[in-house]
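The structure under discussion appears below in the form of structure tokens.
The values are calculated or read from the model by the stated rules, or taken from the named source; none is laboratory data. All values reported here derive from a predicted model rather than from experimental measurement. Ideal geometry is used to build each Cβ from the backbone, glycine not excepted, and the neighbour counts take in all protein chains shown. The accessibility values were calculated without ligands, DNA or RNA, using every heavy atom of the protein model including side chains. Shrake-Rupley method; radii C 1.70, N 1.55, O 1.52, S 1.80 Å.
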Amino acid sequence: MTDSHAFERQGLENLLGYWRRHRRLPGARYPAGPTDSLSDVAGVSVGHHTLNEGDCQTGVTAIMPPGELFGQPLPCGSAVLNGFAKPLGLVQLNELGVLQTPILLSNTFAVGTLFNAMVRRSCQRYPQIGRGGATLNPLVLECNDGYLNDIQAMAVREEHVFSALDNLSSRFDRGSVGAGRGMSSFGLKGGIGTASRYCPGLGATLGVLVLANFGTLDSLTLSGVRVGPALAAELADPPPQVDAGSIIIIIACDRVLDSRQLGRIAKRAGAGLGRVGSHWGHGSGDIALAFSTRLQGAALPDERLEPLFAAAADATEYAVLDALLSAESVSGFQQHSRAALWPLLDRLADRGPH
């Protein structure tokens with residue numbers, strides 16, 4: 001055994017021992033907020049509608065920032081890490097630097113339905129939209145869940161969007177729910193994950209929510225340890241190794257920041273993806289978006305953004321891990337299935353790595 005293999009094996013043994021004792025993963029670099037979720041940023045809530053109907057394994061997730069967004073939009077910025085994606089609303093958001101609707105997530109073929117539903121709901125609330133008043137810029141982001149979900153069935157309907165918007169909460173489910181129902185990540189079951197980090201020097205909380213649908217099993221890295229090869233040995237039919245499918249990363253922060261600064265923070269989410277083993281593959285649409293919930297006061301000087309950069313990377317890494325560890329195994333379209341991560345870790349921990 002080479003020194004590098006011995007080092008990897010020791011790292012895996014240490015990781016599995018920690019998992020066995022604590023049922024969680026080590027290594028977060030910064031303190032989490034009270035619930036370690038996006039909603040640790042005050043006023044932010046999340047709602048899901050999940051479709052679990054045979055070949056149709058999909059859903060909708062809505063992220064609602066605080067306040068009256070149409071009348072008083074929030075500063076927002078984005079980073080397109082890899083553009084293999086079909087978002088709606090991102091062009092105007094990047095031009096004007098503001099968010100004026102909730103953020104809606106679903107599968108690729110549901111984008112038009114989500115857009116129409118958001119327009120319909122907004123016109124009911126604001127009758128002047130498009131009739132003498134300005135139109136609306138709904139923000140809709142997607143990942144392709146076509147392995148587990150019959151995406152051609154186009155099962156998501158407007159009432160499912162309304163259901164997600166009507167069931168918002170600061171305490172929300174993660175894993176194989178909402179838009180995450182049919183998502184795969186690292187050849188395993190992916191989906192919705194979340195984390196938060198508190199920056200004491202700034203008195204700031206930064207929260208992250210991900211829709212994880214990317215990565216190859218061979219490259220999966222947990223808390224700095226590449227575990228993919230050991231996990232692959234636990235699967236009867238290891239998945240093909242293609243980094244495709246996408247990830248959407250939503251970041252909220254409770255400090256006053258302008259859209260340019262928020263775009264810089266969003267870009268740092270890419271460092272968190274690298275830590276879990278992603279290289280932003282050819283077929284992966286990797287988009288990060290960051291918004292501030294604060295409008296009053298002076299924006300932070302750029303030289304004070306460093307803790308938020310670090311928090312964005314750390315929270316993104318652990319939101320992806322949360323998605324993997326929260327997800328349950330799912331079978332769907334054409335009997336395709338994705339295994340949950342945590343039972344595989346349990347088996348490895350009980351027996352020890354190969």
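Going through (1) open to solvent by less than 10 Å² (accessible area, probe 1.4 Å); (2) within 17 Å of ALA204 (Cβ to Cβ); (3) over 18 Å from the mean Cα position of the chain (by Cα) one by one, ARG304 falls short only on (1).
What do you reckon, is PHE291 open to solvent by 10 Å² or more (accessible area, probe 1.4 Å) and modelled with pLDDT of 95 or more?
No; evaluated as a whole, the condition is false for this residue.
Among the residues of region 95-107, how many are outside any loop (DSSP other than H, G, I, E, B), of a type outside the set (A, V, I, L, M, F, W, C) and buried (at least 17 other Cβ atoms within 10 Å of the Cβ)? Final tally of qualifying residues: 2. Considering every residue within region 143-156, establish whether at least one is open to solvent by less than 10 Å² (accessible area, probe 1.4 Å) and under 17 Å from the mean Cα position of the chain (by Cα). Among the residues of region 143-156, at least one is open to solvent by less than 10 Å² (accessible area, probe 1.4 Å) and under 17 Å from the mean Cα position of the chain (by Cα), which makes the answer yes.
Just checking: which of the strands (runs of 3 or more DSSP E) contained wholly in region 1-94 hold 1 or more residues that are in contact (Cβ under 8 Å) with a residue 40 or more places away in the chain and surrounded by fewer than 16 Cβ atoms within 10 Å (Cβ to Cβ)? Let's see the steps before the verdict.
Working: elements: 45-53, 56-64, 74-83.
Answer list for region 1-94: 45-53, 74-83.
Out of all the residues in region 245-266, is one or more closer than 24 Å to PRO26 by Cα, open to solvent by 20 Å² or more (accessible area, probe 1.4 Å) and not polar (S, T, N, Q)? No, region 245-266 contains no residue that is closer than 24 Å to PRO26 by Cα, open to solvent by 20 Å² or more (accessible area, probe 1.4 Å) and not polar (S, T, N, Q).
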